[in-house]
Amino acid sequence: MQFDWPTPDQIIYRISRLRRLVAFAVAIPVTILLLGSLIDPSFIDPDRATMAAIAVALLVSGHVALFPNASLETLSLSIAVTLLVIAAPGIKALSLLAPPAYANAALIMLVILSVLALGAMMAVMQLGFGLLMMAGPVLRLRLRGTVDVPCSSDVARSQFALQPSARRGRILTGVTDKNGFFDVAIIAPQIADPETPSQPMVVRLAAKIIEQSAHEQQTMLVLPNGAVTVTSERFTATAGGCRVEITELPGDFTLGMHLMFWLTDQQMDNLTETADQITGALGRANGQAHGVSFLAVAGAILSPRQPVADRAE
């Protein structure tokens, strides 16, 4: 999957949209560093703790700007870098155990090994966070979002609410069957198709309009795993256009999934994607961004693959 450099507008949007994720990813290591320096200066020097905290904040912000769909990796990065900062004095002290003529070479080797260990820690912690996010019972909590768009209520409803036999951005719907259901196909550019890694994943589900009026629509979504999600959309005319209010009741969200959905402000990102399509603005939403991660880029650099002649077929 191709990595795309973000534009200045996309950088600003990603950091502001993922502000909760950034704050959470920064708060834990910064708290550890600063409290450790205050309680025991021998643990870490206060000046170094302050500089490390600033560096972690900048690193996390840069990570979400470049890799907006690698949220679990962002959390893993902040913790792994904090552990590396704490271990830095020990790494330097260990290099001094080598003969003086080889001290600098030993330090370089230890730094390289530490960076490799950093990547391994990130991969392990990312896997652990993923398992924790999926663990636990399903919690049926409502998700809400509101956005104002400069268009009529009819235009807003045609773009935000699912309709049969229509195409909207990266969403394609089929015809209605005798039971009122219609197929929905959603292109997920952040996820590669396992069978065709060069192509994005296409998520398929079934939808049925439960209730529909000029200013409101309720839709039932049946996910591939059999879970049912109900979406309610209200369209209210305003002086500048239309206010769209969406309420969703997901049928397969665990506590960890709800937390990650909130940290990434996913509901508003979905609304922003459609709002940008209506206004014709350049796509900013993370839902349209690539799904490349830092570890994937590092792996491609450290272990490049030879091109295959028929890979594009």
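Summary of values
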read-out	value
Residue in the stretch 25-48 that is modelled with pLDDT of 80 or more, open to solvent by 70 Å² or more (accessible area, probe 1.4 Å) and closer than 30 Å to ASP276 by Cβ present	no
Single match in ALA214, ALA275, ALA298, ALA239 (criterion: of a type in the set (Gly, Ala, Ser) and closer than 26 Å to GLY180 by Cα)	ALA214
Filter result (more than 15 Å from ARG140 (Cα to Cα) and among the aliphatic types (A, V, I, L, M)) within the stretch 224-259	ALA237, ALA239, VAL244, ILE246
Residue count, the stretch 1-13 (criterion: more than 20 Å from ALA298 (Cβ to Cβ), open to solvent by less than 90 Å² (accessible area, probe 1.4 Å) and not hydroxyl-bearing (Ser, Thr, Tyr))	2
Leading residue by the ranking (farthest from the chain's Cα centre (by Cα)) among those in the stretch 153-191 that are closer than 20 Å to THR247 by Cα and assigned to a loop (DSSP other than H, G, I, E, B)	GLN163
Top-ranked residue in the stretch 237-263 [being of a type in the set (Ser, Thr, Tyr) and out of contact with any Ser or Thr (no Cβ under 7 Å at 6 or more places or on another chain); ranked as nearest to GLY130 (Cα to Cα)]	THR254
Spans of helices (runs of 4 or more DSSP H) in the stretch 11-120 with at least 3 residues under 25 Å from the mean Cα position of the chain (by Cα) and over 19 Å from SER293 (Cβ atoms)	19-39, 46-66
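The values are calculated or read from the model by the stated rules, or taken from the named source; none is laboratory data. Note that this is a predicted model, so its numbers are computed, not measured. When we count neighbours, we look across all protein chains shown, and the Cβ atoms used for this are built from the backbone with ideal geometry, even at glycine. These area figures cover heavy atoms from the full protein model, side chains too; ligands, DNA and RNA do not enter into them. Shrake-Rupley method; radii C 1.70, N 1.55, O 1.52, S 1.80 Å.
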